[in-house]
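J.: Please see the structure below; I have some questions.
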Amino acid sequence: MPDRELLEAVEAADRRGRESGAVVVVDDRVDVALLAGVGVHLGEDDLPAAVARGLLGEGDPVGVSTHDVEAARRAFADPAADYVAFGPVFASSTKPGREPRGVEALAAVAREKTKPLVAVGGIKEENLDAVFDAGADSAAVVGAISAHGLLTENSRRLLDRSRRRNPSGRIYLVGFMGSGKTEVGRRMAERLGVPFVDLDAEIERTAGRTIRALFDEFGEPAFRERESVFLEGTEAIPDAVISTGGGSFVSDRNRRTIARLGTPVHLDVPFDAIRTRVSGKTDRPLFSSLDHAAALYAERERFYRMAPARVALAGSESIEQTTDKALSAVYDPRERGATLAT
């Protein structure tokens, strides 16, 4: 595209990237990277990494493409390069005329790595595991992301495949009644390929009574004790998504249990949206009126906010959109395992 359009596109991508914590790099064009304030990815015919680094300064990433073990070894030793790409690993429509190097060559490069290694070329969902098994830290998936124009759907599948390689352990969804913990938790578990546990449903199943009936018959203190015991019992499931009751995270004992066993994630839905969802409900034991629900929401909010991972929601998101946000809150690409570069 013309230079002005390219610069505008890169600047727009960078604005979106900053919103989500993503790092943006532009292929080949050091001049555009300099003007946009982003990183650059250099091919073998581009400026040397040291020259690009001198132009961009220390704040923006510089990546280098390589196609054999010796070139990769030199790039790993180059202090100007932040990461090294190797490929094409497989036949690629975006790299026509280049002979695929294969996963064995990628593994040989991985044995030499002293900085992050990006696998490139023909990488799809079905061979993603192979490049990570070979030692790549991340993968460029340009063709797989854009296939058939289904960017969102393709991205979800590829990210979920990557996330399954790095189990997060137990994820505990916390939040007020009506925040979507059950629906979102079930979808998160499906996408991660791990069990889903609805704590309230398990208590009801084993007691043979509804939560409201347990409250009415035994009182809240007895129910809370039962709830804590069930929560501690989730230690038997190594990887799972667990939906907790609306009052679970209020208990200091439960917060300590969850912190010990896994990651609490707060689905933070504003009360205006909650009001619409719970209006007319009769199965909530502590819900006698909307005014009572509002007071309970205000009382519990400070406890929910103790969760280290928070998903800020408007309440209008679909289950899939909320699941995307919740998974992103758990799998921060700057902190966790294998990641994807698009």
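The values are calculated or read from the model by the stated rules, or taken from the named source; none is laboratory data. Please read all numbers here as calculations on a predicted model, not as lab measurements. All Cβ positions, even for glycine, are placed from backbone atoms using ideal geometry, and neighbour counts span all protein chains on display. With ligands, DNA and RNA removed, areas are computed over all heavy atoms of the protein, side chains included. Shrake-Rupley method; radii C 1.70, N 1.55, O 1.52, S 1.80 Å.
J.: Out of L42, L56, which single residue is closer than 17 Å to V23 by Cβ and within 29 Å of the chain's Cα centre (by Cα)?
T.: Exactly one residue qualifies, and that residue is L42.
J.: So A22 fits all but one of (1) within 27 Å of the chain's Cα centre (by Cα); (2) surrounded by 19 or more Cβ atoms within 10 Å (Cβ to Cβ); what number is the exception?
T.: A22 satisfies all of (1) within 27 Å of the chain's Cα centre (by Cα); (2) surrounded by 19 or more Cβ atoms within 10 Å (Cβ to Cβ) except (2).
J.: While we're here: Residues that are farther than 18 Å from I319 by Cα: list the helices (runs of 4 or more DSSP H) wholly contained in segment 129-228 that include at least 1 such residues.
T.: Helices (runs of 4 or more DSSP H) meeting the threshold: 142-146, 151-164, 199-207, 211-218.
J.: A follow-up question, please. Among the residues of segment 57-70 satisfying the criterion of being open to solvent by 20 Å² or more (accessible area, probe 1.4 Å) and hydrophobic (A, V, I, L, M, F, W, C), which is nearest to A139 (Cα to Cα)?
T.: So in segment 57-70, the residues open to solvent by 20 Å² or more (accessible area, probe 1.4 Å) come out as 57-61, 64-65, 67-70.
Filter once more, so that each one left must be hydrophobic (A, V, I, L, M, F, W, C): 64, 69.
On the way: V64: 14, V69: 18 Å.
So the residue we want is V64.
J.: Here is a further query. Quick check, is R212 more than 30 Å from N127 (Cα to Cα) and either small (G, A, S) or open to solvent by 60 Å² or more (accessible area, probe 1.4 Å) (or both)?
T.: For R212, the condition - more than 30 Å from N127 (Cα to Cα) and either small (G, A, S) or open to solvent by 60 Å² or more (accessible area, probe 1.4 Å) (or both) - is met.
J.: Would you say E183 is over 19 Å from the mean Cα position of the chain (by Cα), surrounded by fewer than 17 Cβ atoms within 10 Å (Cβ to Cβ) and over 30 Å from T114 (Cα atoms)?
T.: No.
J.: State which residue is most open to solvent (accessible area, probe 1.4 Å) when the search covers only segment 113-136 and only residues that are of a type outside the set (A, V, I, L, M) and in contact with a Ser or Thr (Cβ under 8 Å, 6 or more places away or on another chain).
T.: Per the criteria, the residue is P116.
J.: Let me ask you something else. Give segment 248-271 a look and list any residue that's touching a Phe, Trp or Tyr at 6+ places or on another chain (Cβ under 8 Å) and assigned to a strand (DSSP E or B), or say none.
T.: Matches in segment 248-271: G262, T263, P264, V265, H266, D268.
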